[in-house]
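Input: a single structure, listed below in structure tokens.
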Amino acid sequence: MVRLAMQPFLGLGLVFLSLSLWAQGNRGELRLKVLDQDGFGVRSTVELVSEANQYHNAFMTDEAGFLIAKRLPFGLYQLLIQQPGFAPIAQSVEIRSVIPVEYSVKLSVAPVTESITVQESGTLLDPYRSGSVNQVGPETIQTRPTSLPGRSLQDLVNSQPGWLYEGNAVLHPRGSEYQTQFVVDGIPLTDNRSPSFGPEIEADDVDSLTIYTAGIPAEYGRKMGGVVEVNTLRDDQPGLHGEAVLSGGSFDTAGAFARAQYTWSQNTVGASASGNMTARYLNPVVPENYTNRGTTGDFSLSFARDFTAKDRLMLSVRHELSRYEIPNEQVQEDPQLLVDLGQPAPPPGTPGQLQTADNFETMGIASYQHIFSANTLASVRGMVRDNSNDFYSSPYSWPVIVTQHNSFREGYFSTSVSIHRGHQEWKGGIESDNLFLHENYDDVITANPNYPGYPFDPSTQSPFGFSGHRPDLEQATFVQDLIHFGNWTVNAGLRWDHYQLLLNQNAASPRVAISHYFPPAKVIVHASYDRIFQTPSFENILLSSSSQVQSFEPTVLRLPVQPSHGNYFELGATSSVLDQLRVDVNYFRRYVNNYADDDQILNTAVSFPIAFRKSIIYGAEGKLELPHWKRFSGFASYSYIVGNAWFPVTGGLFLGQDAVSASTQFTGHFPDSQDQRNTVRMRLRYQLISRLWIAGGAEYGSGLPFDFAGTYQEALAEYGQAMVDRINFARGRVKPSLAVDSAIGANLYKNDRVSMRLQADAQNLNNRLNVIDFGGLFSGNAIAPPRSYALRLQTTF
């Protein structure tokens, strides 16, 4: 539903309800037609602002006075329409449904010269939001700190409270392992999108993000740690528009991005492309940053057409790739150390080990939407995707040569119906996701069992090979109702999921979020409950569940990985202070059975899912956001998380001594790997003059837990004093991290059609050796970047 609170003097007539093809989740559309007193269209300037949604956009109606503002996140907006010779129009706009309202507006002749401005502070608080949602808008994306290739989108998500990185930009929302879902233009992607698992969508190709960690709509399922709606589509401005970005910086990093969009009549065609390279693609495992080069690239093409006022079609295709090296340990890099371990000497100038990997993905999407009546619309979406990843090892790799060729093909289909009825917005639908998994894995142990430092059980068999394929079939149906009455808002839904891969299971998941707005105090209090059903990660799940792994070692424990079932609770409040500062506070608890985690095969970078009996994760979050106050803008956030997992193991592959421990340990608990108690992030920007700004920020983390089987002296000999000094062996935690950043930006050139902006970033100015993870030899150490610098030149037209 869209409600417009008009000024008394405005002439406004309701015409009819319509829809947007691109509507996904909680997004709607606003249509305006601006007329003069004689009923003729007037070409006018329209400004639309929502501070709560980080949305600020200026439009121009066409010659007929017509304008469509698409993909508007639900919330409260301020609207300004002005045209010389006419009285300006200001109004509040509420977007509450995928079904928008079309209005015609008659301008009146201005009796005297007058002007009005958009009161942005009036949109700082959305009084009808049922839960905590984080929005990331175009301005935040454009002025973000420059990221290393492969993680620009993940860095934006990780800047929000409750989100944490482990190594290699693997996102963990509120303590969940591999349970992040990206919904790209309405299509859910449930596989791991971190740099070491899949190619990224470049942040410059993204217009906005909507991020959920609680009060999650029933239309989303399967991966429920956190849901990130990614909108890559721009408004259809007539003519040719686009953007070009050049960037470069430390670690031999360089990148280029370009996009263009052309709109004529009822058609829009768009294209984008990017390419990046760096010498620090993954988080290195030792400070020396051995063998860590990577390149990424992507290309996309889209076409949209409005066939009639009731029918709209969109087609798109995207191809992405990444190629990168796997960082070496000290012993793997030094040829002499390998010779001392009984390995053959590599040729002069050749590193001891070189492991490389690549990811390729091609995806096609088709969407169609039709209006059945003024209150009813239906949409159909389909997606096909081909994804592959490969892993290669040089002949001098130690302690094992690994080769892997995995791929999957996916066919996704969904249909939904939305109905507006009074104060209610109903939505129901079905979806089917079919993945056809193919796995090929080979290894040869090169470590010499007669030399010290042999990392495997002497009975481990070599060589070993596996090849398997199997379909992963998942279906779901849902119904949800968004209700507004008075100062209350309720979002209630029910979802049913069916999962069939190693197991055949189904589950029903009720969800409800409720909020109440207290106008005198400008405070919203909200609470939510989410029942969740989470399917296991499918990376190498066929290998780890195969009976062939019995040949690895005599002692093997192999259990099918169960889907996770859980209950999420959240209680929070949002308030507006002096109409300038928004304050969000939340307390949450998560109870999950069959808690998902991961492990590695033979100390390699090849991971697979495992599960423990249960987990309990709880914590609190707070965020202060200052959209604009005089020349200042920025935010500060704090997260407190405590997470524990309980034995016994309930799924996965365990070999040797790990199998013995898993078979005998039935009680007790331990901190989950994302149990970082305290996280603080902040960034403050100051506008020096109209074309020049500066910014500063910082990030602090109290340190993740680790499990290290060796001794302090062994760690010192392998990693050196500098790294060992960053590990608290007595507490079993990495020592706190701190990175201080700064930035400066300048608008070099700007006219009605072209603007050019330059931004310089300096990160980790304090140059601290920040250790993210520590696990010992071949177990996933991760070190954050040292002091680094970057430049970005952005041109829009």
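The values are calculated or read from the model by the stated rules, or taken from the named source; none is laboratory data. All values derive from a computational prediction rather than experimental measurement. Here Cβ is always computed from backbone atoms with ideal geometry, including for glycine, and neighbour counts include all displayed protein chains. Heavy atoms of the whole protein, side chains included, go into the accessibility calculation; ligands, DNA and RNA do not. Shrake-Rupley method; radii C 1.70, N 1.55, O 1.52, S 1.80 Å.
Exactly one residue among Phe299, Phe303 is without any contact (Cβ under 8 Å) to a residue 60 or more places away in the chain, open to solvent by 50 Å² or more (accessible area, probe 1.4 Å) and either over 22 Å from Asn359 (Cβ atoms) or of a type in the set (Lys, Arg) (or both), and that residue is Phe303. In segment 576-591, the residues that are modelled with pLDDT of 95 or more and outside any strand (DSSP E or B) never reach a residue that is among the aromatic types (Phe, Trp, Tyr) and surrounded by fewer than 16 Cβ atoms within 10 Å (Cβ to Cβ) with C-beta atoms less than 7 angstrom apart, at least six apart or across chains. Restricting segment 379-394 to residues that are of a type outside the set (Lys, Arg) and either touching a residue at least 40 places away in the same chain (Cβ under 8 Å) or surrounded by 21 or more Cβ atoms within 10 Å (Cβ to Cβ) (or both), the residue that is farthest from Asn328 (Cα to Cα) is Ser379.
The numbered conditions (1) more than 25 Å from Pro519 (Cα to Cα); (2) touching a residue at least 24 places away in the same chain (Cβ under 8 Å) are all true for Phe666 except (2).
Quick grid of which residues meet (1) farther than 20 Å from Ala304 by Cβ; (2) among the β-branched types (Val, Ile, Thr); (3) without any contact (Cβ under 8 Å) to a residue 40 or more places away in the chain:
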residue: Gly221; (1), (2), (3): yes, no, no
residue: Val230; (1), (2), (3): no, yes, no
residue: His241; (1), (2), (3): no, no, no
residue: Phe251; (1), (2), (3): yes, no, no
residue: Gly255; (1), (2), (3): yes, no, no
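Going through segment 348-393 one residue at a time, which ones are touching a Pro at 6+ places or on another chain (Cβ under 8 Å) and not acidic (Asp, Glu)? Matches in segment 348-393: Thr350, Pro351, Gly352, Asn359, Phe360.
Please find, among Glu553, Glu539, the residue that is surrounded by 17 or more Cβ atoms within 10 Å (Cβ to Cβ), of a type in the set (D, E, K, R) and more than 22 Å from the chain's Cα centre (by Cα).
So the residue among Glu553, Glu539 that is surrounded by 17 or more Cβ atoms within 10 Å (Cβ to Cβ), of a type in the set (D, E, K, R) and more than 22 Å from the chain's Cα centre (by Cα) is Glu553.
Would you confirm whether or not segment 386-407 contains a residue that is assigned to a strand (DSSP E or B), modelled with pLDDT of 95 or more, over 30 Å from Gly28 (Cα atoms) and among the charged types (D, E, K, R)? Checked segment 386-407: at least one residue is assigned to a strand (DSSP E or B), modelled with pLDDT of 95 or more, over 30 Å from Gly28 (Cα atoms) and among the charged types (D, E, K, R).
Looking only at segment 493-507, residues that are free of Cβ contacts under 8 Å to residues at least 40 places away in the same chain and open to solvent by less than 60 Å² (accessible area, probe 1.4 Å) come to 1 in all. Of all the numbered requirements in (1) crowded, with 20+ Cβ neighbours inside 10 Å; (2) modelled with pLDDT of 85 or more, Arg43 misses one, and that requirement is (1).
When the test is whether a residue is of a type in the set (S, T, N, Q), over 28 Å from Ala309 (Cα atoms) and modelled with pLDDT under 95, Gln369 does not pass it. The number of residues in segment 85-108 that are open to solvent by less than 10 Å² (accessible area, probe 1.4 Å) and of a type outside the set (A, V, I, L, M) comes to 5. Per the listing Tyr686, Tyr719, the residue uniquely among the hydroxyl-bearing types (Ser, Thr, Tyr) and within 30 Å of Arg757 (Cα to Cα) is Tyr686.
Residues of segment 428-450 that are within 19 Å of Gln353 (Cα to Cα) and charged (D, E, K, R): Asp442, Asp443. Of the residues making up segment 62-83, those that are closer than 24 Å to Asp36 by Cα, open to solvent by 20 Å² or more (accessible area, probe 1.4 Å) and either touching a Phe, Trp or Tyr at 6+ places or on another chain (Cβ under 8 Å) or not β-branched (Val, Ile, Thr) (or both) are Asp62, Glu63, Ala64, Phe66, Gln78, Gln82, Gln83. The residues of segment 346-369 that are part of a loop (DSSP other than H, G, I, E, B) and farther than 27 Å from Ala715 by Cβ, listed by number, are Pro347, Pro348, Gly349, Thr350.
Of all residues in segment 522-545, which are touching a residue at least 60 places away in the same chain (Cβ under 8 Å), under 26 Å from Val170 (Cα atoms) and not aliphatic (A, V, I, L, M)?
Within segment 522-545, Asp530, Phe533, Gln534, Thr535, Pro536, Ser537, Phe538, Glu539, Asn540, Ser544, Ser545 meet the criteria.
The residue that is surrounded by the most Cβ atoms within 10 Å (Cβ to Cβ), among those in segment 446-469 that are in contact with a Pro (Cβ under 7 Å, 6 or more places away or on another chain) and over 19 Å from Val331 (Cβ atoms), is Ser459.
Only one entry of Leu321, Leu354 meets the criterion of being crowded, with 20+ Cβ neighbours inside 10 Å and aliphatic (A, V, I, L, M), and that entry is Leu354.
Within segment 462-469, not a single residue is touching a Ser or Thr at 6+ places or on another chain (Cβ under 7 Å) and closer than 30 Å to Gly566 by Cα. Taken residue by residue, segment 497-507 has at least one member that is at pLDDT below 95 and in contact with a strand residue (DSSP E or B) (Cβ under 9 Å, 6 or more places away or on another chain).
Among the candidates Glu139, Glu166, Glu120, the residue that is at pLDDT below 85 and closer than 30 Å to Trp629 by Cβ is uniquely Glu120.
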